[in-house]
Amino acid sequence: MKDEKIPLTKLQKEIMQEFYSIAQTKVIINKTERNELWKLATKRSADLDLQTLKTKCPALEHQIQKSYAQGNNIQSAVFSECVYAQTLANMLKLDLFVNCTDEPNFIPSSVASLISSYNLVPRYVYSTRDKRRMLIQAGGCGGIDSALITVIDLVIYTIEFKEPGAKASEPDLPKYGEDGKLRITEDFVERYPQFEAMLNEQKDLNFFENMGHNINDFSEESIKIAVSNNYAKKYADVICTEDIDGNFVMIPVNQVQLWAKLEGEIRPAGRNRYKVWTPNALRRLMSQYDPTINGSTVRLEKSKLEIRKERGGGGNISGYKITPLFFVYADDCMDDGIYITFDIKDVWQLNPTIASKMFFKTLKYKEVKSYYLELF
């Protein structure tokens, strides 16, 4: 596949030429270390040295502190985003760090307007002291996931950060009806055209019949379309990740398939919850547990249900799965040790999602650099 040379755009060529002219650089905190930091952060452990982390990677320290203040567990992908951003800032000698929450007017108005046109909101800035060059870590609805932007004299290079195993994107699918059948709507295809081919290959999918497992049966071509078109729609120029030895690597977004193993996936039980929209199906599926139902009050034998645990390794029971698609929070239940009793209006339903995934498991910096040096 690498024999077929794909040309680079002007922006891709410029940013990659600069990147590969800089000495090979290790990611400032490797994956093993990030995993350990994440465990400490989610446990609110006193062993986590936030002051040292603030010196090494201030964006990550701030994200952890914000998660503490909000009572949320920080996502592990945020660790990689902040670490990758700081690594690139170090390579580009951008030694001034600014938290946009503390200094909202630091970015010049012309640059702020340009970023806004991409539907992005600045979070952190890595800058030269004279502000002539900035790397802006940003994000926003419909924008680049974990977005980071380099701005030089209003020339904008868009950079997506991805861990060696990551999803390109994972939107909610349209809600199915009481029959559980996949719906492919015009609105969804218009918003996410990269997934049309994958969806057409699963047009007969029934979520109630497949709710216990994810669907991964897609053609190589449909997955490739989902990955490459995803970044075209999001205006990303390049992806930064790390190789098998922890070296920082940059790849053009339209050439991911040259370096990564690509996979597609539909999850019947996605990450987002909604109030139940198929109440008849819920009652039908609950009947397998011989429930006692009085009006909207339901009593189920607890031992028949799977439990949900808190994210972040806390181990506490957060809820009970009625099926893989429906659950109720433990705080909304009366628990006598044998039965749980709850109002059926407190049940939540998980929406299906579709995703394309990339795995840079065998990536090597020297191979990537050598390949692109021939194209510069």
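The values are calculated or read from the model by the stated rules, or taken from the named source; none is laboratory data. Bear in mind the structure is a predicted one, so any value in this text is a computation, not a measurement. Note: ideal-geometry Cβ built from the backbone for every residue, glycine included; neighbour counts use all protein chains shown. In case anyone asks, the SASA skips ligands and DNA or RNA and just uses the protein heavy atoms, side chains included. Shrake-Rupley method; radii C 1.70, N 1.55, O 1.52, S 1.80 Å.
Key figures for this structure:
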item	result
Of all residues in segment 215-232 being surrounded by fewer than 17 Cβ atoms within 10 Å (Cβ to Cβ) and not charged (D, E, K, R), the one that is farthest from K261 (Cα to Cα)	A232
Of the criteria (1) open to solvent by less than 60 Å² (accessible area, probe 1.4 Å); (2) touching a strand residue (DSSP E or B) at 6+ places or on another chain (Cβ under 7 Å); (3) more than 30 Å from S76 (Cβ to Cβ); (4) touching a residue at least 24 places away in the same chain (Cβ under 8 Å), which one L375 fails	(2)
Selection within segment 262-297 - among the acidic types (D, E) and surrounded by fewer than 16 Cβ atoms within 10 Å (Cβ to Cβ)	D290
Yes/no for L60 being aliphatic (A, V, I, L, M), more than 23 Å from C100 (Cα to Cα), open to solvent by less than 40 Å² (accessible area, probe 1.4 Å) and free of Cβ contacts under 8 Å to residues at least 40 places away in the same chain	no
Test: S169 is of a type in the set (G, A, S), under 27 Å from S117 (Cα atoms) and touching a residue at least 12 places away in the same chain (Cβ under 8 Å)	yes
K43 being more than 20 Å from the chain's Cα centre (by Cα), surrounded by fewer than 19 Cβ atoms within 10 Å (Cβ to Cβ) and touching a residue at least 12 places away in the same chain (Cβ under 8 Å)	yes
Verdict on N73 being open to solvent by 50 Å² or more (accessible area, probe 1.4 Å), in contact with a helix residue (DSSP H, G or I) (Cβ under 6 Å, 6 or more places away or on another chain) and in contact (Cβ under 8 Å) with a residue 40 or more places away in the chain	yes
Enumerated strands (runs of 3 or more DSSP E) restricted to segment 269-376, each holding at least 2 residues that are of a type in the set (G, A, S) and farther than 30 Å from I244 by Cα	317-323
Hey, M91 aliphatic (A, V, I, L, M) and touching a Ser or Thr at 6+ places or on another chain (Cβ under 9 Å) or not	yes
Looking only at segment 1-45, and only at residues there that are out of contact with any strand residue (DSSP E or B) (no Cβ under 9 Å at 6 or more places or on another chain) and of a type in the set (S, T, Y), the one that is farthest from D245 (Cα to Cα)	S45
Failed criterion for T297 (all others in (1) over 24 Å from I354 (Cβ atoms); (2) free of Cβ contacts under 8 Å to residues at least 40 places away in the same chain hold)	(2)
Of all residues in segment 164-195 being assigned to a helix (DSSP H, G or I) and touching a helix residue (DSSP H, G or I) at 6+ places or on another chain (Cβ under 7 Å), the one that is farthest from E263 (Cα to Cα)	V189
Out of L325, L305, L300, sole residue that is of a type outside the set (V, I, T) and surrounded by fewer than 20 Cβ atoms within 10 Å (Cβ to Cβ)	L305
Options V368, V347: the member that is closer than 20 Å to G295 by Cα and either at pLDDT below 95 or open to solvent by less than 60 Å² (accessible area, probe 1.4 Å) (or both)	V347
Extreme residue, farthest from P352 (Cα to Cα), among residues of segment 124-168 that are surrounded by 18 or more Cβ atoms within 10 Å (Cβ to Cβ), modelled with pLDDT of 80 or more and small (G, A, S)	S127
Index of the failed condition, L88 passing every other in (1) under 24 Å from the mean Cα position of the chain (by Cα); (2) open to solvent by 60 Å² or more (accessible area, probe 1.4 Å); (3) within 17 Å of R132 (Cα to Cα)	(2)
